[in-house]
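What follows is a single structure, written as structure tokens, with notes after it.
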Protein chains: 2
Amino acid sequence: MKIKWIAFLLMAACNLTVTAQKPLTLEELLGGGKNYWQIQPENKYTTWWGETALETTPEEVKELVSGKTLVTVEQINEWVGKKVARNGHNLIFPYPEKSLVLVNSPQERMLVDFEQKKVEWKQSIPQQAQHQDWNAESRHLAYTVLGNLYVQTSEDKTLQISKDGSTDGTDNIVYGRSVHRDEFGIRKGIFWSPDGKKLAFYRMDQSMVPSYPQVDITSRISTTYTDHYPMAGETSHQVKVGIYDVEQEKTVWVELVGGPEDYHTNLSWAPDGKTLYIFELNRAQNDMRLVAYDTETGKFMKQLLQETSQKYVEPQHGLDFLPWDETKAIMQTQRDGYNHLYVLDVNTGNLTQLTKGNWVVQELVGFNQKQKSVLYMSNESDPRQKCLYSIVVKSGKKTALSVMDGVHSASPNYLGTAVIDRYSSPTVPRNIDLISTAKGKSQNILTAADSWVANGFNIPEITSGSIKAADGTTDLYYRMVKPIGFDPNKKYPTVVYVYGGPHAHNVQASWHWGLRGWEAYMAQKGYLLFILDNRGSEWRGLEFEQATWHQLGQVEMQDQMQGVAYLKSLPYVDAGRLGVHGWSFGGFMTTSLICNYPDVFKVGVAGGPVIDWKYYEVMYGERYMGTPQNNPEGYAKTSLLNKAGNLKGRLQVIHGYNDPTCVPQHALSFIRACADAGTQPDLFFYPGAGHNMSGRDQIHLHERITRYFEDFLK
Amino acid sequence: MKIKWIAFLLMAACNLTVTAQKPLTLEELLGGGKNYWQIQPENKYTTWWGETALETTPEEVKELVSGKTLVTVEQINEWVGKKVARNGHNLIFPYPEKSLVLVNSPQERMLVDFEQKKVEWKQSIPQQAQHQDWNAESRHLAYTVLGNLYVQTSEDKTLQISKDGSTDGTDNIVYGRSVHRDEFGIRKGIFWSPDGKKLAFYRMDQSMVPSYPQVDITSRISTTYTDHYPMAGETSHQVKVGIYDVEQEKTVWVELVGGPEDYHTNLSWAPDGKTLYIFELNRAQNDMRLVAYDTETGKFMKQLLQETSQKYVEPQHGLDFLPWDETKAIMQTQRDGYNHLYVLDVNTGNLTQLTKGNWVVQELVGFNQKQKSVLYMSNESDPRQKCLYSIVVKSGKKTALSVMDGVHSASPNYLGTAVIDRYSSPTVPRNIDLISTAKGKSQNILTAADSWVANGFNIPEITSGSIKAADGTTDLYYRMVKPIGFDPNKKYPTVVYVYGGPHAHNVQASWHWGLRGWEAYMAQKGYLLFILDNRGSEWRGLEFEQATWHQLGQVEMQDQMQGVAYLKSLPYVDAGRLGVHGWSFGGFMTTSLICNYPDVFKVGVAGGPVIDWKYYEVMYGERYMGTPQNNPEGYAKTSLLNKAGNLKGRLQVIHGYNDPTCVPQHALSFIRACADAGTQPDLFFYPGAGHNMSGRDQIHLHERITRYFEDFLK
């Protein structure tokens, strides 16, 4: 077992001249807490204007390095003649070479010239406009109202793209919104061409998808509202792609190839606006094609490439064209087993691998146009890290740009010549550097003090290390949080916190190793916490991720039990007092673990759990589980309805009563199955809440979770 | 304090030569239990043929006294030539002077002559026929299919009474079913005239009543089914009464007087079939009129009498005409403060009081036609009893007919000359006597042995007594169950079980003082149980009942706190470990008590609770609470949404997830209010269950309730 970093935060705290150590309360530890924001590490808010890095404050925008004021909120409002700007953080500088600031009020959008001190241009914003997408080139605004799609032109003319009708623009057929339930990297339904003169958009027909009846208890007599929810193996929605020409006020429909329930993902415009690329995937999700369509006619041009798999192919990124070569784009794929960058020649379909190794590219940050390099984040230094690199496209010359190990995020300027780089590391809560991406030279902007130490809080010891997975070879990383006042000669009740599902990880080299506030709270109450990223989680490559295919939870449990074996090997872990807690996929894992290992786990709290994958949605569910029809054994094996009778310990299931992601049918079916089997889980609902609790409910929820362990594990 | 009876059942058990004492399990104690029926006291099933008392068994029917076989199931099937009769318990002898037995199979109804040994008559039963009501005189059958009403004539012809249409006979407009949500003594919607040639029926238009969305989680994707649920102060349904003439195949509609939302209750046919009497009540429930209608024309004939009240008038019984005088009927009313029998002259409207006293008539059993007396049950001997009396109409001469004190039920023969009288008393689990109602002579049929004692079960000491209500004068009766192995020098955790609502009582002089099985279970686990019938409950007269008017729960709580004061005066009650549990109105009381007296009750389990009366139905709700519009203070004061922040102890709310009586909006609104107020109740739902748990869910539920007290009160 290797332990690379150990964050003796408790010792660090002791070294300071802080005498009385205060307990951290949930009000401090959680986002919904009253004191949460007060004790966050110091921060600076930043943005770019051309190559000038800026700092924003509620009152003004100034140059980040010199501190010289660029423009103030008060000035803008004075020049405009009314109060349109409210907060410096919301100001945007869209044009590198123009002294224009974009100001949005609920009623209008305007460009204010802060050198000429006057309004250069403005546009009204229609009432109820949602999903606003403004193109800086054309200054057209696209937006939706309910199921309809509109454009407000730069000349302030309103154009309706969707037809009004008995079906179009209703809840049954919606325009301009995200489709396929936000899977495959899809986050929106409006895609402007580079010049902002054409608009690609989604049209989703979900009239054939049954509505899940969500109950609103706040009406005088409860009412239901419907949410078209396609469940695994059942009829799915059907998506089309339209291209609207603003000048001609005309839509052409893309003549999509493939089946009616195929996924049309990661729409990407060619730089010249003549071609639209779509990563198309069959419903079975094992056959992906990158297809080019003519944006004038909507007609099929060619298929550039195809990826198939025995398990699944999952497109998640569009094409990012090289700013200096319109014939080439960066494409991300896991085809060699790890997510890497490739250069795609869109004329030939040739793909040239740019990055390579047993690690993953986590993010394409941008391009240094001068150096003709790509800026990206990867974890090549350590699976738990996310650091910035540049790679010159032609030569493949790679440069590590991050000053320090940790988990970084970077915002480049428009040329990519510099980035504002933010990170935290196990001992550094926040750091901001300004980095030149060509030279790698950096200038420190902020290194925040440890605000927990400074506030004199009682901070647990948090460490990270690795153990072997159940396959005997794969390294799995964990975080361990020791109880406050830890004494290695005592035995502590121990709680495994788990997520374990795809596209997520819990252990990373950020502040406190990614500690969740509740873990510190529990450590104060005398618990040891253990968090392990099992196979199936992200940042570790395709084989690691796909080990769970068609039997979600099975391999994950085996790995978590390796964690339990490790815990049992520690003299200070009380193996008779093991608990488990998780939310969503972690709720599924929690329920799976306590029902499959009833003699190991004494107490569990499962939040928003999947109980049977047949109640989960088509897109995510079928990728990992196939359908109930073609993988009946997998569904049967993983269904917790079939395990309800095994429950021995205490399990509380907590669910948002209006959860649109993991519908309440999961929790309700489980407690019905338990009642039928004669076992006794506990249950709680948060009426009005969705898949996660927000605001004050977070505090209530974590009081509740804590109380359950205090009642039955202590 | 008076303690009239003390049932030293424990001592009784010790006196037997039973050595090892077995614990009673929930499987023995509850109706859904596997062994429940096995350990019930011995029983005999009885019925009448004319003046001959009969005993039925699964195989045959025999004379009760002589034991001589009248007819066997096998004989009937042999004579019919197929297996139509399945169980002797289901055989009926409708004609005192004919040797005919009525046999019902799912497909047909037949009269078999058991002297002639042949089928005398038969009629087919249409598929899906519900609410079947067969008239022995005409042999016509009335029934419903979904919202429609039909008659199957004695000649086996099918007649449809409701019209088919877009509204009639649908869920919106239903025929022939019970209306006004079964309040006001209404249990059905079909009323044959005495000669069976005309049929009075209800037609309910509930299209204007919002539907409560009940969720069925057993479908592939959850679905809702609707239940038109009129909430207090909101729009109610509208009821009409039709009279169908079978010979003429024609309906006349009764030209009801009063408002469209009035209640039309207790339909009563005159013996000659020419008049229909309806007890009509305004929606405010403070103005009742007894109205006569012409059954030929449907026209209003006259108003016989009117009762009004500052609080409410609640008709619950129809007219029972004297068999020997068609101009007079027995009417029950609480107009003198107690429910008593009156003789109504239907020609003059004159009302002559027949029974009188500070006690209530609990049931009109029948008439002794020879003696011209009325047979009734009352609690004139003790408020906790129900005993049989006869009173001669002319002379008022009263005779007590019950052989023993206790809680009786009686089934008279057609002339009322004798009854089969069943009772239990605190020490007698079941007794059956055959009693001559003229002479009072009785013959013992069965005195069952104590099956708990005989089985060697560990039985707690159960006593009953009285304390003063919070008004300082009214006697309230309680039942106390002491823990098994009771030691007066120890201190015991104590659970108050409560219902407390109108039309119910918990303490009565039946076996074990009305002990509920769960109480014995808890006594075995070392708890003391205390059950008190507060003001507002039944059998005690109008003032007692109406003390709670417009502020349900308030006076009830005051009385329950008198019970708590009494408990605290007992050296063996641990006042620091008081719990409370109840269901329905008792769930409301439980939640009210723990939220209003957070320092008194440490643990509560509230089943199917009313949380705010605005979510309860119009009929029951407005009788006791008025409307949210006209009694806002009462609604505010009693709403537990306003008390959610007071919760300190442990409260588990348990609700049938498909409860059509007290809809889930109650429990869900309460937990939402608690989450908002920062308090932490617990919750459980039984998906698919209604207002009460049935079958195996009963076992699961009571394990659950018990565990909660074991977790937090022990």
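Read-outs throughout are calculated quantities, based only on the coordinates presented, and are distinct from any laboratory measurement. Just so you know, these numbers come straight off a predicted model, no measurement behind them. Reconstructed Cβ throughout: ideal geometry from the backbone, glycine too, with neighbour counts over all protein chains shown.
Here region B:426-579 carries DSSP beta bridges of which approximately 70% are antiparallel, counting only pairs with both residues inside.
In this structure the amide hydrogen of A:Glu363, modeled in the peptide plane, comes within under 5 Å of the amide hydrogens of A:Met377, none closer than 5 places in sequence on its chain.
For region B:190-344, the Kirkwood hydrodynamic radius from C-alpha pairs, put into Stokes-Einstein at 10 °C and a viscosity of 1.306 mPa s, yields a diffusion coefficient of 91 µm² per second. Here A:Ser99, B:Ser395, A:Ser138, B:Ser219 are placed in order of increasing Cβ neighbour count within 10 Å, fewest first, which gives B:Ser395, B:Ser219, A:Ser99, A:Ser138. Compute the signed sum of charges (Lys and Arg +1, Asp and Glu -1) over the other residues within less than 12 Å, Cβ to Cβ, of A:Trp518. Charge balance in the 12 Å sphere: 0.
Remark: chain A projects, on average over all directions, an area of 32.2 nm² (convex hull of Cα atoms).
If you average the alpha carbon positions of region B:684-709 and of region B:506-549, how far apart do those two centres end up, in angstrom? Result: 21 Å between the Cα centres.
Sorted from nearest, the other copies put their A:Asn77 label points 9.1 nm away, the label point being 7 Å from Cα in the direction of Cβ.
Label points for B:Gly440 are taken 7 Å from Cα along Cα→Cβ. From this copy to the others they lie 11.5 nm apart, shortest first.
For chain B, excluding the exposed loop sites themselves (GluC sites (Glu not before Pro), DSSP loop, at most 13 other Cβ atoms within 10 Å), the longest remaining stretch covers B:297-714. Cross-link check: pairs B:Lys398/B:Lys439; B:Lys240/B:Lys302; B:Lys602/B:Lys643; A:Lys62/A:Lys188; B:Lys163/B:Lys198 evaluated at a Cα-Cα cut-off of 21 Å; pairs beyond the cut-off: A:Lys62/A:Lys188. A dipole drawn for region B:43-131 from +1 and -1 charges on Cβ atoms has a positive end, and of B:Val101, B:Gly50, B:Val84 the residue lying farthest that way is B:Val84.
Would you compute the Debye intensity of region A:43-153 from its alpha-carbon atoms alone, equal scatterers and no solvent, and pass along log10 I(q)/I(0) at q = 0.13 Å⁻¹ to two decimals? One equal scatterer on each Cα of region A:43-153 leads to -0.50. Look at the stretch B:206-213: the mean tally of other chain Cβ atoms within 10 Å of its residues' Cβ atoms is 3.
Could you please rank B:Tyr312, B:Tyr597, placing first whichever residue has the fewest other Cβ atoms within 10 Å of its Cβ?
Working: B:Tyr312 21, B:Tyr597 18.
Final ranking by Cβ density, sparse to dense: B:Tyr597, B:Tyr312.
Highest mean first, how do A:506-512, B:226-232 rank when packing is the count of other Cβ atoms within 10 Å averaged over residues?
Working: A:506-512: 23.6, B:226-232: 20.7.
Highest-to-lowest ranking by the protection proxy: A:506-512, B:226-232.
Give, to the nearest whole percent, the P(r) tail of region A:443-581 beyond 25 angstrom, counting all Cα pairs. It would help to have the intermediate numbers written out before the result.
Numbers: 2979 of 9591 pairs.
Within region A:443-581, distances greater than 25 Å cover 31 percent of Cα pairs.
Peptide A:684-694 has a mean of 3 when you count, residue by residue, the C-beta atoms of other protein chains within 10 Å of its C-beta. For region B:401-468, trypsin sites (Lys or Arg not before Pro) are listed when DSSP marks them as loop and at most 16 other Cβ atoms sit within 10 Å of their Cβ; the list is B:Lys439, B:Lys441. In this assembly of identical copies, the label point of A:Asp272 (Cα plus 7 Å along Cα-to-Cβ) is separated from its counterparts by 10.4 nm, sorted shortest first.
Sorting the Cα pairs of the protein assembly as shown by distance into bins of 10 Å, from 0 upward, gives 1, 7, 12, 16, 18, 14, 11, 9, 7, 4, 1, 0, 0 percent per bin. Please work out the C-alpha center-to-center distance from region B:360-383 to region B:446-473 and express it in whole Å. Here the answer is 26 Å between Cα centres. Inter-chain neighbour count for A:255-262: the average number of beta-carbon atoms from partner chains within 10 Å of each residue's beta-carbon is 0.
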